[in-house]
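Here is the structure we will look at.
The values are calculated or read from the model by the stated rules, or taken from the named source; none is laboratory data. All values reported here derive from a predicted model rather than from experimental measurement. Ideal geometry is used to build each Cβ from the backbone, glycine not excepted, and the neighbour counts take in all protein chains shown.
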Amino acid sequence: MKSIVVTGCAGFIGSHLTEKLLQLGYKVIGIDNFDPFYPKRIKEENMNHFRQDSSFVFYELDLRVDSSLDIITEPVDLVVHLAGKAGVRPSIEDPQGYINSNISATRNVLDFMRKKGVKKFAFASSSSIYGNNKEVPFSESHNVDRAISPYAFSKKSCEILNHCYHHLYDLDIINMRFFTVFGPRQRPDLAIHKFLKLMKNNQEIPMFGDGSMARDYTYVSDTVEGIVKSCQYLFDHENVFDTINLGNSYPILLSDMIATIATSAKCTPKIKHLPMQAGDVDQTFADISRAKKLIGYNPKVSFKEGIELFVKWFTQKDTPIL
Ligand SMILES: NC(=O)c1ccc[n+]([C@@H]2O[C@H](COP(=O)([O-])OP(=O)(O)OC[C@H]3O[C@@H](n4cnc5c(N)ncnc54)[C@H](O)[C@@H]3O)[C@@H](O)[C@H]2O)c1
């Protein structure tokens, strides 16, 4: 039975990934420090879906602390590194926090792998690193030197650091650039989650810009499928250093996103128009041909279908009061 470390296993994507890997018969060593970016009880609820699984082991530890992973005694075949501080706007308030939780923590994970002889690494990067590049769809071959937020800077820095460890220590690495992931358990700070909650409470929705901002939303099961296929590719190949977009290649305008949620939730949105926010990119739009070719990535869930599943989940659960 292969053993996979999932950092950030209590988070939105990490909890779905852990569940999937356990279903597929992997042993999962989960790492999380319950970072207070959003409440611990939400993360504990996420973990309730697999905490009792006999193939799951959990370490509550902080990846910012040097050598913190050294307490892991189990054999490890691959690391999926999802832990970190997410979010563009908060990174402008706390750039050093993002440098610590994203760049320093990633260095710590890579050194753990080097010391323990673990060769396979799948890293959570982000569409944010494309900044305001005008050429769309975004391709992995495009220049990404013009970050417009500390968050984007931190993810790009990690991709470069990953290359150093690939070159120096023969680690096989895939940088997976996620494009706005949504679905059940979505982080409460993300727009779809926030907007649905506001609509349900009959409150105003802050719409930044004129509604023409667009995002290439990806349903979480498609992202998870992309991560699992990246792991399988890493297990089957040697001397890998690659970067792939895990998006949907179907950008949705902000105004359409609000309308789709409203239709699905049977609400009438009250929109409050506000200026664009610093750090927000105008659009994201993934060219996914490389991911298709390399790992056989094939996203299946349409935006409308995904929103319906999200609204159903949101309506049925006990919505935590944040
Ligand atoms: N959700 C998206 O749309 C999206 C898009 C692009 C990239 N990403 C990246 O994917 C990854 C997962 O995103 P998510 O939406 O699931 O976020 P999340 O915040 O729900 O999950 C991240 C988890 O990492 C943990 N963590 C943070 N700092 C840690 C530390 N120092 N030590 C140990 N654990 C730590 C947090 O407690 C959290 O449970 C992140 O790296 C994020 O930047 C997400």
**Q.** Check on Asp222, within 24 Å of Phe121 (Cβ to Cβ), charged (D, E, K, R) and at pLDDT 95 or above
**A.** yes
For the stretch 12-40, pairs from a residue that is more than 27 Å from Pro90 (Cβ to Cβ) and among the hydroxyl-bearing types (Ser, Thr, Tyr) to a residue that is away from the ligand (no atom under 14 Å from the Cβ) and part of a loop (DSSP other than H, G, I, E, B), with Cβ under 6 Å and 6 or more apart or across chains, are Tyr26/Lys2
Counting only residues in the stretch 1-20 that are crowded, with 19+ Cβ neighbours inside 10 Å and in a loop (DSSP other than H, G, I, E, B), the one farthest from the ligand (Cβ to nearest atom) is identified as Cys9
Go through the residues of the stretch 190-202 one by one and say whether even a single one is crowded, with 19+ Cβ neighbours inside 10 Å and assigned to a loop (DSSP other than H, G, I, E, B).
no
Among residues of the stretch 129-140 being touching an Asp or Glu at 6+ places or on another chain (Cβ under 7 Å) and part of a loop (DSSP other than H, G, I, E, B), the residue farthest from Thr18 (Cα to Cα) is Asn132
Reported set for the stretch 258-270 where residues are touching a strand residue (DSSP E or B) at 6+ places or on another chain (Cβ under 7 Å) and surrounded by 14 or more Cβ atoms within 10 Å (Cβ to Cβ) is Ile258, Pro269
Checklist entry - Is there a residue being surrounded by fewer than 17 Cβ atoms within 10 Å (Cβ to Cβ) and either within 10 Å of the ligand (Cβ to nearest atom) or under 26 Å from Ser126 (Cβ atoms) (or both) anywhere in the stretch 25-38? => result yes
### Message
Yes or no: the stretch 274-292 includes at least one residue that is closer than 16 Å to Ile205 by Cβ, crowded, with 19+ Cβ neighbours inside 10 Å and β-branched (Val, Ile, Thr).
### Response
no
Only one of Gly87, Gly131 is surrounded by fewer than 23 Cβ atoms within 10 Å (Cβ to Cβ), at positive phi and within 11 Å of the ligand (Cβ to nearest atom), namely Gly87
